[in-house]
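Note sheet for the following structure.
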Amino acid sequence: FGEGGTFLTFPALVYAGLPVLAANATNAEAVFYGYLGGAGSSPERGTREVRTEKRSMRVLVLGAGVIGMTILQMARALGIEEIIVTDVINERLTAAKELGATHVLNSREQEVEKEVLALTQGEGVPLIADAACVPALLPQMLRLASPAGRIGLLGFSVQPSELVQLEVIKKELTLVGSRLSNRKFPEVLKLMESGRLDPLALVSHRLPLSDMPNAIDMLDHRPEEARKVLISIGA
């Protein structure tokens, strides 16, 4: 369960055409296919054209919520060696570290630009995934991107972002929107079967339907306590 998400069950996914492969997914795992396929396509699309270069084995993930954690897992599965994650909640950063982030930065307590440029020897990052979805962060992402870098945007905000053309043109940057699964379900299933993706690691709580008001309140007002909350209907 999550704000902006959906209530899906394994039979519904099968009815919609999801192939029943050898992953032997449980109901709990099945609800993550949309996240893993959609959010997971961001690092894959970003690395498709630059992964042959050594410098491409680095990604910056802004935001350590469920989407950011999903991108983190997919980046590891794709073999990206250096993963930098930022957030404003220390508990989320701790979880990101446990899931394989090589560097974590609290953007309220640290100067993200200074720290990232120090980590990259001033070069910047070839792939940036915006899982914070804050329009005001776009100028910072443009400054942190390396030459020929790619920025994956996942936000749905209607608020305008300031776009400095000079940053885009002089570095020849590419901005990519990522929303749908892009036919990645079979790949996601294989990665889950191999153990390279563990969606249940994103689950912080499992609650009965009767406790849904508490789940909503926790997600809205106590985000440091929760990642993905699963609601069991009829349990």
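Every number in this text was worked out from the coordinates using simple rules, so none of it is lab data. Keep in mind that what you see is a predicted model, and the values were worked out from it rather than measured. Positions of Cβ are generated from backbone atoms using ideal geometry, with glycine treated the same way; all protein chains shown enter the neighbour counts.
Distance check, please: which entries in Lys114/Lys190; Lys170/Lys190; Lys97/Lys170; Lys97/Lys190 exceed 29 angstrom between their Cα atoms? Working shown, then result.
Numbers: Lys114/Lys190 38 Å; Lys170/Lys190 39 Å; Lys97/Lys170 34 Å; Lys97/Lys190 24 Å.
With Cα atoms farther than 29 Å apart: Lys114/Lys190; Lys170/Lys190; Lys97/Lys170.
If you plug the beta carbon distance of His221 and Ala201 into 1/(1 + (r/R0)^6) with R0 = 35 Å, you get a FRET efficiency near 0.90. Electrostatic bookkeeping for Asn90 treats Lys and Arg as +1 and Asp and Glu as -1; over the other residues with beta carbon under 11 Å from its beta carbon, the sum is -1.
Would segment 136-235 count as rounded, prolate or oblate if I go by the C-alpha gyration tensor, calling it rounded below 1.5 in a/c and otherwise prolate when a/b exceeds b/c, oblate otherwise? Taking the square roots of the gyration eigenvalues as a ≥ b ≥ c, segment 136-235 is oblate.
Taking the Cβ of Arg143 as the centre, find all other residues whose Cβ is under 14 Å away and add up their charges (Lys, Arg: +1; Asp, Glu: -1). Once all neighbours under 14 Å are counted, the net charge is -4.
Between Ile89 and Ala118, the modelled labels are 2.7 nm apart [label points 7 Å from Cα along Cα→Cβ]. Put the Cα centre of segment 212-235 next to the Cα centre of segment 144-178 and the gap is 33 Å.
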